[in-house]
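The values are calculated or read from the model by the stated rules, or taken from the named source; none is laboratory data. Quantities reported herein were computed from a predicted structural model and do not represent experimental measurements. Methodologically, a virtual Cβ is constructed for each residue, glycine included, from the backbone with ideal geometry; neighbour enumeration extends over all protein chains shown. For the accessible areas, the whole protein counts, side chains as well, though only heavy atoms, and no ligand, DNA or RNA atoms are used. Shrake-Rupley method; radii C 1.70, N 1.55, O 1.52, S 1.80 Å.
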Amino acid sequence: MQLLLAPMEGLMDPAMRGLLTALGGYDRAVSEFVRVSQGLLPAHVWHRYCPELLTGGATAAGTPVYVQIMGPEPEVTADNAAYAVSLGAPGIDLNFGCPSKTVNRRCAGASLLKTPELIAAIIAATRRAVPAEIPVTAKVRLGYDDKTRFLEIAHAVQDGGATSVVVHARTREEGYRPPAHWEYVGAIRAALRIPVIANGEIWTPADYEACRTASGGPDVMLGRGAIARPDLARRLRGGDATPWPWDRIADCFLRYDDALTADGCTPTMRAGRLKQWLALVKQHATADWPFTPALFACLKGLTDINAVRETLRNPPPATAPGLTEFPAP
Ligand SMILES: Cc1cc2nc3c(=O)[nH]c(=O)nc-3n(C[C@H](O)[C@H](O)[C@H](O)COP(=O)(O)O)c2cc1C
C-alpha cells in the first residue's frame, strides 16, 4: 500500500507537509506546482516552493518530496527538472491536471490533456534530462471536457517513460465536484505496466475501501482528506476506524502554527491558515468532530492569533441555540 500526500497550492504548504509526514503514514509528498514557461527559474524560487531541497529532499520526518513542475514546453520543462534535481529533488512530478483558467490559457496543466502526444513529449524530454535513478512521475485527470480519451492519456504517460502515474479520477470540466470516478482508474491499472495511483474524494477509511475496490488496487494519493482528517493516513495504515480525540487534533493545529511562525508568517497569515484548515474540517469531518461547525463560528471573527490558538485548544461550551455542543473542556 502506497500512500502519497497530494500537492495542493495554498493548502499543502511546506509546514503542512512537515506536520502530516511527521504524524506518519505517508510514503512520499509532492510540492505545490512550480510553473515554468521560459528559461531556468533561479534557485531561490525552487527553495521557496520546496524548502526540503535544503534538507536532502525530504521533510524532517524523512519523507521524500518530489518537486512538481508544470509547463507546456518539453525542453523548458526538462531543463528546469534537471536543475531542480541538481538542487536535490529526489523525484520530479509533472502536472497535467491543473484546472485554473490562467494556467490553461497558457496551454499548461489540464489543457495538455487535449494533446496526449505533447504529454508524452514533455515526459520523454524530462526523462532524458534527469539521471536514470531519479523518478519522473505524472499527475493526470481523466480528460479535459469528457472521458473519451482517458486511456489514450494514460498510454501517453507510459509511452513517455514515466515511472508511475497518479490519476485524479475526474475531468477538468468536473473540477472538484463529487463523485470521483475510481472505476476508470481500475481500467487504467489494467491497461498499463507502470504503477497507477488513485486520487480523489477519499475523506474517510470507508472511502478508501470503496476506492480500493473500485480501482482494483491499494495505492492512493490523499489531498483534502489528509488535511480535513490529519489522522487519516494513520487510521488507514492501522486499520483503525476510531478518530483521534480533539485534543490531539488541536495539538496538530498548534504544531502547524508553530511551523508557520518558524517559516516567517505574520500573525494575520497564521490566523487565516488555521481558520482555512478548520473550515475544511467542519465541512468534511463533522462525523468525527461534530462540534467543529460551532467551533468555527466562534473562531471566524477572531483576529488575534493567541485567541485563535486558545479557542482551538479549549473550545468554549456552545452558547448559541442550535449549535452542536462542544466537548467538555
Ligand atoms: C486548493 C487546491 C490546490 C491544488 N493544487 C494542486 C497542485 O499544485 N498540483 C496538483 O497536481 N494538484 C493540485 N490540486 C489537486 C489535488 O492534488 C488533488 O488531485 C485533488 O484535490 C483531488 O484529491 P482530493 O479529493 O483527495 O482532494 C489542488 C487541489 C486543491 C483543492
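Points worth noting:
Table: residues versus (1) crowded, with 21+ Cβ neighbours inside 10 Å; (2) over 24 Å from PRO218 (Cα atoms); (3) within 17 Å of the chain's Cα centre (by Cα).
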| site | (1), (2), (3) |
| --- | --- |
| THR21 | yes, no, yes |
| GLY24 | no, no, yes |
| TRP46 | yes, yes, no |
| MET70 | yes, yes, yes |
| GLU75 | no, yes, no |
| SER86 | no, yes, no |
| ASN95 | yes, no, yes |
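- When region 135-156 is filtered for residues that are more than 12 Å from the ligand (Cβ to nearest atom), in contact with a strand residue (DSSP E or B) (Cβ under 8 Å, 6 or more places away or on another chain) and free of Cβ contacts under 8 Å to residues at least 60 places away in the same chain, the ones remaining, listed by number, are VAL136, GLY143, TYR144, ASP145, ASP146, LYS147, ARG149, PHE150, ILE153, ALA154.
- Note on region 26-38: residues that are open to solvent by 10 Å² or more (accessible area, probe 1.4 Å), modelled with pLDDT of 95 or more and either away from the ligand (no atom under 13 Å from the Cβ) or closer than 25 Å to ARG234 by Cβ (or both) amount to 4.
- Failed criterion for MET8 (all others in (1) within 13 Å of the ligand (Cβ to nearest atom); (2) open to solvent by 10 Å² or more (accessible area, probe 1.4 Å); (3) without any contact (Cβ under 8 Å) to a residue 60 or more places away in the chain hold): (3)
- The residues of region 214-252 that are within 26 Å of ARG172 (Cβ to Cβ) and either more than 14 Å from the ligand (Cβ to nearest atom) or surrounded by fewer than 18 Cβ atoms within 10 Å (Cβ to Cβ) (or both), listed by number, are ALA214, GLY216, GLY217.
- Test: residue in region 179-191 that is more than 21 Å from LYS147 (Cα to Cα), in a helix (DSSP H, G or I) and either assigned by TED's automatic domain parsing to the domain that holds LEU295 or not small (Gly, Ala, Ser) (or both): no
- Residue check for LEU53: outside the structural domain of LEU274 (by TED's automatic domain parsing) and touching a residue at least 40 places away in the same chain (Cβ under 8 Å): no
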